[in-house]
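See below for the structure under consideration.
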Amino acid sequence: MFIVILTYKKPLEEVDRYLQAHRDYLAAHYTAGDFIASGPQNPRVGGVIMIKAESPTAVDAIIAQDPFKINGIADYHIVEFTPTMFITDNLKTILG
């Protein structure tokens, strides 16, 4: 399991130019089963993606497809972790 923390390195106006393409990228990876959760940081200085992947190499390949990465919009910090506790209820319900 991986947490990817994106930090914008361009002004929000430029981030917004690529936002729809980034959302399309996210949707494709949710459909593929790669992504578990994602969203913007507060304040809006970047974002966070939780990724289910077999290896750091697989995460690098996934990130390489992100329009934010391709266009130099964000830097990426990858944290690998091993989950040992899990929630069994629907996360969306809990986070409301």
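Quick notes on this one:
- Test: residue in the stretch 5-13 that is part of a loop (DSSP other than H, G, I, E, B) and acidic (Asp, Glu): no
- Boolean, residue 40 is surrounded by fewer than 17 Cβ atoms within 10 Å (Cβ to Cβ) and either among the β-branched types (Val, Ile, Thr) or within 10 Å of the chain's Cα centre (by Cα) (or both): yes
- Matching residues in the stretch 14-58 - criterion: being hydroxyl-bearing (Ser, Thr, Tyr) and part of a helix (DSSP H, G or I): 25, 30, 31, 57
- Failed item, numbered, when residue 84 is tested on (1) open to solvent by 80 Å² or more (accessible area, probe 1.4 Å); (2) touching a strand residue (DSSP E or B) at 6+ places or on another chain (Cβ under 6 Å): (2)
- Residues located in the stretch 59-89, provided they are part of a loop (DSSP other than H, G, I, E, B) and within 28 Å of residue 16 (Cβ to Cβ): 64, 65, 66, 71, 72, 73
- Those residues of the stretch 45-69 which are open to solvent by less than 40 Å² (accessible area, probe 1.4 Å) and not small (Gly, Ala, Ser), in sequence order: 49, 51, 59, 62, 63, 66, 67, 68
Listed here are the residues, each with its yes/no results for (1) in contact with a His (Cβ under 8 Å, 6 or more places away or on another chain); (2) at positive phi; (3) of a type in the set (Gly, Ala, Ser).
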site: 23; (1), (2), (3): no, no, no
site: 29; (1), (2), (3): no, no, no
site: 35; (1), (2), (3): yes, no, no
site: 40; (1), (2), (3): no, no, no
site: 57; (1), (2), (3): no, no, no
site: 61; (1), (2), (3): no, no, yes
site: 77; (1), (2), (3): no, no, no
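- Failed condition for residue 82, given (1) out of contact with any Gly (no Cβ under 9 Å at 6 or more places or on another chain); (2) without any contact (Cβ under 8 Å) to a residue 60 or more places away in the chain: (2)
The values are calculated or read from the model by the stated rules, or taken from the named source; none is laboratory data. Please read all numbers here as calculations on a predicted model, not as lab measurements. Cβ sites come from the backbone with ideal geometry, for glycine too, and all protein chains shown count toward neighbours. For the accessible areas, the whole protein counts, side chains as well, though only heavy atoms, and no ligand, DNA or RNA atoms are used. Shrake-Rupley method; radii C 1.70, N 1.55, O 1.52, S 1.80 Å.
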